[in-house]
Amino acid sequence: CCAGSRLYVQEGIYDKFVAAAVAKAKAIKLGSYSEPGAEQGPQVDDIQFKRVMGYIDKGKEEGATVVTGGGRHGSKGYFVEPTVFTNVTDEMTIAKEEIFGPVMSIFKFSTDIEVVERANNTRYGLAAGICSKNAPRALGMANQLRAGTVWINTYDNFDPAAPFGGYGESGIGRDKGSAGLEAWTETKTITMPLDGPKC
């Protein structure tokens, strides 16, 4: 649900980052979860496999560039190659919809104001991540992002005491932490005037 599928990378390091992401994607070992060393398993069924492949095809049709992956892995099972797109615009389908598959789009940005505005331009808001050596800058950006969880210099790092839930169409309410207990409570209001009955 909170896969890092939209990555915004500052223009000064964009090309170097894309090269590293491609190398990492190519190195991922696909296989059954019972296979030693397997890092990525198959899609859950044919429906999801076709859905993910449909998004990859849509990305290509709309003009995005596949820099690695983009196809089926092997001839058995529902394995999708780890796929990395560049030249993706914010209006493309793969930028706006949840794919739930091994597909990453890498966008280029110039300024913090620009990237916050673009990152917030979504119906969803479950989680976000920021990588920066500048703590005040990262915290300032985290406060502006419309996401229920924002990780700084880490990702998918959960703690049972930290509430988890999203903004927008990413859910109502929170799991975990004291906020997560509220879903299990029944609240009662009792009102009594202090100056006797008013019947």
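The values are calculated or read from the model by the stated rules, or taken from the named source; none is laboratory data. Because the structure is a prediction, the values reported are computed rather than measured. Cβ atoms come from the backbone with ideal geometry, glycine included; neighbour counts cover every protein chain shown. Remember, those area values only see protein heavy atoms, side chains included, never the ligands or the DNA or RNA. Shrake-Rupley method; radii C 1.70, N 1.55, O 1.52, S 1.80 Å.
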Dipole of segment 15-146 [Lys/Arg +1, Asp/Glu -1 at C-beta], most positive-end residue of GLY101, ASN121, GLY37: GLY37
Local electrostatic count, ALA25, Cβ distance below 14 Å [Lys/Arg +1, Asp/Glu -1]: +1
For the chain, size of Cβ-based charge dipole, Lys and Arg +1, Asp and Glu -1, in debye: 260 debye
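With +1 on the Cβ of every Lys and Arg and -1 on the Cβ of every Asp and Glu, and nothing else charged, how large is the dipole of segment 100-179 about its Cα centre, in debye rounded to the nearest 20?
On the way: 8 positive and 7 negative charges, 21 e Å.
Using Cβ point charges on Lys, Arg, Asp and Glu, segment 100-179 gives about 100 debye.
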Rounded to whole Hz, the Karplus (6.51, -1.76, 1.60) HN-Hα couplings of segment 154-166, x for glycine and proline: 7, 7, 6, 9, 9, 9, x, 8, 9, x, 9, x, x
Amide H partners (placed H, <5 Å) of TYR8, local residues excluded: PHE107
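What is the chain's relative contact order, in percent, from Cα pairs under 8 angstrom and six or more apart in sequence?
On the way: 301 pairs, mean separation 33.2, N = 199.
Relative contact order here is 17 percent.
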5 angstrom amide H check on ALA128, placed H, neighbours 5+ away: THR149, VAL150, TRP151
Total lysine pairs under 17 Å (Cα atoms) in segment 1-125, excluding pairs fewer than 8 apart on one chain: 10
Residues with amide H under 5 Å from that of VAL80, placed H, sequence gap 5 or more: GLN43, HIS73
In segment 10-52, the trypsin sites (Lys or Arg not before Pro) that fall in loop regions by DSSP, at most 15 other Cβ within 10 Å: LYS29
Accessible solvent surface per residue of segment 1-116, calculated while the other protein chains remain in place, 1.4 angstrom probe, Å²: 55 Å²
Cα-centre dipole for segment 12-65 with unit charges at Cβ (Lys and Arg positive, Asp and Glu negative), debye to 20: 180 debye
Cross-link partners of LYS176 among aspartates and glutamates (Cα-Cα below 12 Å; sequence separation of 8 or more within a chain): ASP159
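Rounded, prolate or oblate: pick one for segment 46-88, where a ≥ b ≥ c are the square roots of the eigenvalues of its C-alpha gyration tensor, a/c under 1.5 means rounded, and failing that, prolate if a/b is larger than b/c, else oblate.
On the way: a/c = 3.19, a/b = 1.66, b/c = 1.92.
It is oblate, given that a/c is not under 1.5 and a/b is not larger than b/c.
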